[in-house]
2 protein chains.
Amino acid sequence: MLSKLVKPVCRNPLPIENILKLATCRGNASVANLVPEEPSGPSMKTDIPGPKSKQLMKQLSNVYNLGSTQYLVNYEKSSGNYIVDADDNIMLDTYTQISTMPLGYNHPALLNVFNDEHNLKSLINRPALGVYPGIDWPQRMENLFKQVSPKLPKITPMMCGACSNENAIKTSFIAYRMRERGDKDFTEVEKKSSIMNQLPGCPELSILSFRGAFHGRTVATLSCTHSMAIHKLDVPSFAHWPIATFPMYKYPLEENRRENEEIDNKCLEEVEDLIEVQKKTCPVAGLIIEPIQSEGGDNHASPEFFQKLQKICKKNGVAYIIDEVQTGCGPTGKFWCHEHFNLPNPPDIVTFSKKMQMAGFFHSDEITVKHPSRIFNTWMGDPGKTILLEAILEVIKTQNLLDQVNRTGKRLFEGLEQLQKEFPDMLHSLRGRGTFIAINAKGSELRDNIIKNLKKNGVQSGGCGTESIRHRPALIFKEHHADIYLDILRNVVKDLSKGKKRN
Amino acid sequence: MLSKLVKPVCRNPLPIENILKLATCRGNASVANLVPEEPSGPSMKTDIPGPKSKQLMKQLSNVYNLGSTQYLVNYEKSSGNYIVDADDNIMLDTYTQISTMPLGYNHPALLNVFNDEHNLKSLINRPALGVYPGIDWPQRMENLFKQVSPKLPKITPMMCGACSNENAIKTSFIAYRMRERGDKDFTEVEKKSSIMNQLPGCPELSILSFRGAFHGRTVATLSCTHSMAIHKLDVPSFAHWPIATFPMYKYPLEENRRENEEIDNKCLEEVEDLIEVQKKTCPVAGLIIEPIQSEGGDNHASPEFFQKLQKICKKNGVAYIIDEVQTGCGPTGKFWCHEHFNLPNPPDIVTFSKKMQMAGFFHSDEITVKHPSRIFNTWMGDPGKTILLEAILEVIKTQNLLDQVNRTGKRLFEGLEQLQKEFPDMLHSLRGRGTFIAINAKGSELRDNIIKNLKKNGVQSGGCGTESIRHRPALIFKEHHADIYLDILRNVVKDLSKGKKRN
């Protein structure tokens, strides 16, 4: 009986192709969902939060700061692109848990993963991966590399986006000093001073970041984050780390090409100037940048900008860190957003988390910290998340989800373009890649009202920056989901437009 | 067929009492293992790392910095207190993945957890807990509180020990400024300056930490970490954060009472002086301390020391942060180590991770940051880990594992005391609570040799500080496991002692 107990799961779960066949065999091809039993559309029963959510929020408030909670979710009933709340309201989700659910809710491939006893044991026996990895870990890492490495040879797994960026930054500092030090060992003075947080062991080095950037909320990543004051107020920071201007383009791009080129050049000049000035006091060891500034307002920069930035980094011995925490894993129509930029060489470091479930960073050989345990922590990742990522990558490949993202993205973009034309006094600056699309409302009040009314009408969406609506659907968001969303958005904007005219 | 597929698991897994009955019904009570099918003792087949480990390490080195890897582990074969490596060497584990495995390997209660479909769905639909918690989350948090809250009313879940400490520190900063600011809103100058990392928005405030402390390796927690230079070299730090001396007692304690009291008083005076001096330049917002300094060498301080420290914090408006990342969840014989100190009031913040699987911090109402999203990140924890913690707590309660820890701890302590008497020129300074016990070797070379030879003879152990051996067995480590370990240790020390005499 016990063996039944500890081995309750079958050793050979159904192969993924069979699962996916089952998932897509219903209805006609164009409106077939990629997750079975997905609702056919939103269905709203109460205000949000509804009475049950309110009751649960009251209970939770006994032990919790609830300020940011919107409502409680029934994760058993949620399915595919639809999130179901405590009051059985069914909403089309274009925000997917702050852009972290590549396959939406309850995807059969993920439900199937821990039917495999080996996977289950990897999950519950969480190792200290830096010291005692499991015998399956080398193969898992090799497979991961073959499938998704951004042309970089090494990986360091982590637990979340912020600690990935923290350790990417640390890697830049250590690599910078390794280069300066050459073959020499640490001096006794360096060792003793470092223990007490002092020079020369703890050097004056800096990371260059950009206005509007978001790289996390731990203290050091917060020193690289400049999207909103409320994130940063009252927290001490590295005051000498330089901050450059991120290009803020005029839209539509094709009408403002020359002006936007000038914006690029000014920003690049500023970066060069800052690196030069810092050399005298607090040299720049690394430059961290998002391929699309996300929290900061979905700000894009041109491939040429990213190419030239890489040149500047190379020339100055500055590590080029691309933060793909929000953009990675397919939403822009390529697996990594920076693939759109045709960089002549890979970046030095690419960080990831969110949709990937597992977090960490890929890096070059040159920047890899050789000494054991300098880039280290207890867990160094989590095999349970890596196993989920493997299943996700398999579905992305088998169902050609990157193609799907491009098709859905086109439909969504064209629909929003049409709306922007219809309501030029309300919507503007449409931009995006794949389904990673944003559009601005005229003013933050209007933006907030659109998001509020979308929710009332069955769409969970999200904002970014001061007046943007950002679209972060799952990779299984199809053309017909875009149509449902666009219909609701049109009605919401139309209603608000009428209200505006009445005032 | 599909419903079989997506619901492969039974809705009502076996109740925990039945699992535990099955787990303990074999053999006579005193040597019965708390996990079934546990090996009866170590069994070594090869050197470590053995040929299979070496081959896998070579494969892994293609994509990984392998510096800290000891060997590869077969997590399917590992069981209870025994870790099995790639070459089928079976070792008694007194280190348990850097002190993170409360129930050892493949505990039936944990293997059973995700047989529950609701639990499985909570695992694979990982929410942004700060915004869209699941409908079961309030009840889960309430239960957690009832069982383990260190008399503190609020909790903030996180992902790992370092990010728990990062956010505990941030909470102290924000609370300090909230108190200074009173009802006033942020000024425009504060908002604008904070975006650029400048005063007054990003204030000059500090965290007081102790020599020998370890609070993590992210940049800010590293500024509070002073255990080893290699962790800190080349990473910029907050040079103005004060560092006090941690009491370094003479052992045995009963023979050195007066001297150790004086050490306490000197350290406390230094803390008060530092807080006073900092007021003029970079005031102390929080003081962070481990109840037992772990990485730094298992350094203990008296209950009186911790009581007086709390008084100093209260008097100066400094948040008292107890870092229970390594000590929490039972290894000292109480659930939280600071329960041994009889503090008149709870600390302001208690951080946790490791054995708890989930991470985060408990905190007082006064220190709770009210504004939404100031203490925030995408995931804000992980329900999958909380569900594992629930099962762990149930086993701790049902099997009275804290009593077990105290019984085993007594046996282990007495055995080590005996060894210390037998080999006074090799072992000294035995100390500890529960099974959280350390002993020093005379010199780091001897310590390293003991650990190496223990491994050769089938014991996975760990060091800390420069010359300590630390014991971090699972809570299911029983008296007979201690006996097996002590026998092997005696032989190892005896052999090294002979070698020493020969030289």
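Summary table below
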read-out: Inter-probe distance in nm under a simple model that places probes 7 Å from Cα toward Cβ, at residue B:280 and residue A:483; value: 7.5
read-out: Cα pair distances of segment A:127-268 binned at 10 Å [whole percent]; value: 9, 24, 29, 27, 9, 2, 0
read-out: Calculated label separations, residue A:370, copies of the chain, 7 Å along the beta-carbon direction, nm; value: 5.6
read-out: Label 7 Å beyond Cα on the Cβ vector: residue A:192 copy-to-copy distances, nm; value: 4.6
read-out: Kirkwood hydrodynamic radius (C-alpha pairs) into Stokes-Einstein, segment A:57-205, 20 °C and 1.002 mPa s, D in µm²/s; value: 104
read-out: Cα shape, segment B:241-369, gyration tensor, a/c 1.5 rule; value: oblate
read-out: Values of log10 I(q)/I(0), in the order q = 0.13, 0.18, 0.21 Å⁻¹, for segment B:369-496 under a Debye, Cα-only, solvent-free model; value: -0.63, -0.92, -1.14
read-out: Estimated vicinal HN-Hα couplings, Hz - segment B:223-235 in sequence order (Karplus 6.51, -1.76, 1.60; Gly, Pro = x); value: 5, 9, 9, 9, 8, 9, 4, 4, 5, 10, 3, 6, 9
read-out: Local net charge near residue B:62, Cβ-Cβ under 12 Å (Lys/Arg +1, Asp/Glu -1); value: +1
read-out: Ranked list, fewest to most other Cβ atoms within 10 Å of each Cβ, for B:43, A:78; value: B:43, A:78
read-out: Two-site FRET efficiency, residue B:466 against residue A:342, from Cβ-Cβ distance with R₀ of 60 Å, rounded to 0.05; value: 0.70
read-out: Alpha-carbon centroids, segment B:424-475 and segment A:313-386: separation in whole Å; value: 38
read-out: Distant-in-sequence amide H partners of residue A:293 (H built 1.01 Å from N, under 5 Å); value: A:299
read-out: Calculated diffusion of segment B:135-176, Stokes-Einstein form, Kirkwood radius summed over Cα pairs, 4 °C and 1.567 mPa s, µm²/s; value: 110
read-out: Karplus-derived HN-Hα couplings along segment B:331-336 (A = 6.51, B = -1.76, C = 1.60, θ = phi - 60°), whole Hz, x at Gly and Pro; value: x, 8, x, 10, 4, 10
read-out: DSSP-defined antiparallel bridges as percent of all bridges, chain A, nearest 5; value: 65
read-out: Debye, to nearest 20: dipole size of segment B:211-352, +1 on Lys, Arg Cβ, -1 on Asp, Glu Cβ; value: 380
read-out: Principal axis dimensions, largest first and in whole angstrom, of segment A:370-443 by Cα; value: 58, 34, 21
read-out: From phi via Karplus (6.51, -1.76, 1.60), per-residue ³J(HN,Hα) for segment A:288-300 in Hz, x at Gly/Pro; value: 10, 8, 8, x, 9, 5, 9, 4, x, x, 6, 8, 9
read-out: Residues with amide H under 5 Å from that of residue B:154, placed H, sequence gap 5 or more; value: B:363
read-out: Debye intensity ratio I(q)/I(0), log10, chain B, q values 0.06, 0.09, 0.13 Å⁻¹ (C-alpha model); value: -0.30, -0.69, -1.37
read-out: Potential lengthening between residue A:445 and residue A:495 on full extension [0.36 nm per residue; Cα-Cα distance subtracted]; value: 16.5 nm
read-out: Span per principal axis, largest first, for the Cα atoms of segment A:289-432 (Å); value: 60, 40, 25
read-out: Using distinct alpha-carbon pairs, which all enter the 1/r mean, Kirkwood radius of the protein assembly as shown in Å; value: 29.4
read-out: Electrostatic dipole magnitude of segment A:396-503 [Cβ: Lys, Arg +1; Asp, Glu -1; Cα centre; debye, to 20]; value: 140
read-out: At R0 = 22 Å, FRET efficiency that the Cβ-Cβ distance of residue A:143 and residue A:370 yields, to 0.05; value: 0.30
read-out: Student exercise, chain A dipole from Lys, Arg, Asp, Glu Cβ charges, in Debye to nearest 20; value: 680
read-out: For residue B:319, distant residues with modelled amide H under 5 Å away; value: B:286, B:287
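The numbers here are math on the coordinates, done by the rules we state, and not lab data. Because the structure is predicted, anything quoted here is derived from the model rather than measured. Neighbour counts run over all protein chains shown; Cβ positions are idealised from the backbone, glycine included.
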